[in-house]
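Let me begin by presenting the structure, written as structure tokens, before commenting on it.
The values are calculated or read from the model by the stated rules, or taken from the named source; none is laboratory data. Predicted model, so just to flag it, every value in this text is computed and none were measured. All Cβ positions, glycine included, derive from the backbone under ideal geometry; neighbour counts span all protein chains shown. Heads up: the accessible areas ignore ligands, DNA and RNA and are worked out on the full protein's heavy atoms, side chains in. Shrake-Rupley method; radii C 1.70, N 1.55, O 1.52, S 1.80 Å.
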Amino acid sequence: MEIEEVRLENLDVEGFIREQVEDISSTVGNGLAINALSGGVDSSTVTMLAHKALGDRLKTYFIDSGLMREDEPEHIAGLFRDLGVHVELIDAKDRFLDALKGVSDPEEKRGAITHSFYAIVFAELAKKSGAGYVLQGTNFTDVEETVAGIKRQHNIIEQLGIDPETEYGYKIIEPLIQLRKPAIRALGKQLALPQELYSRPPFPGPALAARIIGEVTGERIETVRKATKVVEEELCDTGAFQYLAILHQDRVTGIRNEKRDYGLQIEVRCWDSEDAITGSPTNLPYETLSGLAERITGEVPGVVSVTYSISKKPPSTIEAL
Ligand code: XMP
């Protein structure tokens, strides 16, 4: 089925919400649905939309894959509690780590994460709760990049010819599939999400695994998590579209305590972009860049080198994977 984009300038926000609420409600009927909230703009907007449509017939889960940012699961569950939405935390850390063990190839890594989400965790949750549907926040850009063969976004299933009902035992509903990020933010705002959520920079579904080159291990996640915290603290007021830290696989020689330290490299990226289709590196002041280097080498164990990416998308992509 051809998906038709609805651009922000053509979007009737209230009308779109009304239509989607009716569609979700009639599709699920008297049944039950589940959704996984990550706290990103897309999944947060779907959570609000689906709660409006289904009330108690929707169960919202936060899947703690162990790949999220510091304190993210508890923080997001708390924000939604304040909005009257109960979020159940699911500890799936070991599942994801096991699936990622020994995997270095980017597409295989994405495949392992997709499989863990859909075939294992969602399938079990749907079975346990008796839900026939999973709601998710797939957007137009996700579909476009996957279909164009740039990279398989973790949430693309049916567009790749996979029938989720046969494969996993549930149907998928994707109310945001015609929209790109700016339109989804407008919807989120209208649905009463706090600004912290509807204006959040994008964060990928495979989470910090999309920012680790080479094998994802507990220790390497911790390194990129600490670097991410510094980057987000230092760059949150720049107005940039997205900013991130990437852990490289290669080590480089450094010096620590007057001795050779064959250490880790972190690459910082900060993007100016409208919709993630194209992007340019933000022209950050030199003081900001050197402040980042000081903090990352000082606060993240093992890191001896920090670089700033100056490539555009294309040919780069926003994430490392
Ligand atoms: P790329 O790296 O393809 O990213 O230039 C474009 C936008 O999409 C986000 N991204 C993802 N989001 N699942 C997602 O939900 C994914 O697998 C994924 N990969 C990238 C990325 O953060 C950027 O905003």
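Things worth noting here:
- Restricting attention to the stretch 163-187 and to residues that are within 13 Å of the ligand (Cβ to nearest atom) and of a type in the set (A, V, I, L, M), the residue that is farthest from ARG110 (Cα to Cα) turns out to be ILE184.
- Check on ILE266, within 16 Å of the ligand (Cβ to nearest atom) and open to solvent by less than 30 Å² (accessible area, probe 1.4 Å): no
- Evaluated against (1) at positive phi; (2) buried (at least 21 other Cβ atoms within 10 Å of the Cβ), GLY29 falls short on exactly one condition, (2).
- Against the test of being acidic (Asp, Glu) and in contact with a Leu (Cβ under 8 Å, 6 or more places away or on another chain), the options GLU196, GLU167 yield a single qualifying residue, GLU196.
- Only residues that are over 25 Å from PRO202 (Cα atoms) and of a type in the set (Phe, Trp, Tyr) were counted in the stretch 249-285, giving 1.
- Yes/no for PHE96 being closer than 30 Å to ASP82 by Cβ, aromatic (Phe, Trp, Tyr) and within 11 Å of the ligand (Cβ to nearest atom): no
- Top-ranked residue of the stretch 34-57 - restricted to ones that are under 21 Å from the mean Cα position of the chain (by Cα) and hydrophobic (A, V, I, L, M, F, W, C), ranked as nearest to PHE117 (Cα to Cα): ALA36
- Pairs, first more than 13 Å from LEU37 (Cα to Cα) in the stretch 80-101, second among the basic types (Lys, Arg), C-beta under 8 Å, six or more apart: LEU100/LYS109
- Hits in the stretch 90-148 (condition: open to solvent by less than 20 Å² (accessible area, probe 1.4 Å), among the β-branched types (Val, Ile, Thr) and under 29 Å from ASN30 (Cα atoms)): THR114, VAL121, VAL134, THR138
- Applying the set (1) among the small types (Gly, Ala, Ser); (2) out of contact with any Gly (no Cβ under 9 Å at 6 or more places or on another chain); (3) surrounded by fewer than 14 Cβ atoms within 10 Å (Cβ to Cβ) to ALA320 leaves exactly one unmet item: (3).
- Restricting attention to the stretch 274-299 and to residues that are touching a strand residue (DSSP E or B) at 6+ places or on another chain (Cβ under 7 Å) and among the hydroxyl-bearing types (Ser, Thr, Tyr), the residue that is nearest to LYS229 (Cα to Cα) turns out to be THR297.
- Hey, ASP82 surrounded by fewer than 19 Cβ atoms within 10 Å (Cβ to Cβ) and more than 20 Å from PRO194 (Cβ to Cβ) or not: no
- Per-region count, the stretch 32-46, residues part of a loop (DSSP other than H, G, I, E, B) and either of a type outside the set (Gly, Ala, Ser) or open to solvent by less than 20 Å² (accessible area, probe 1.4 Å) (or both): 4
- Single residue of the stretch 130-162 satisfying the filter (away from the ligand (no atom under 13 Å from the Cβ) and at pLDDT 95 or above) that is farthest from GLU5 (Cα to Cα): GLY130
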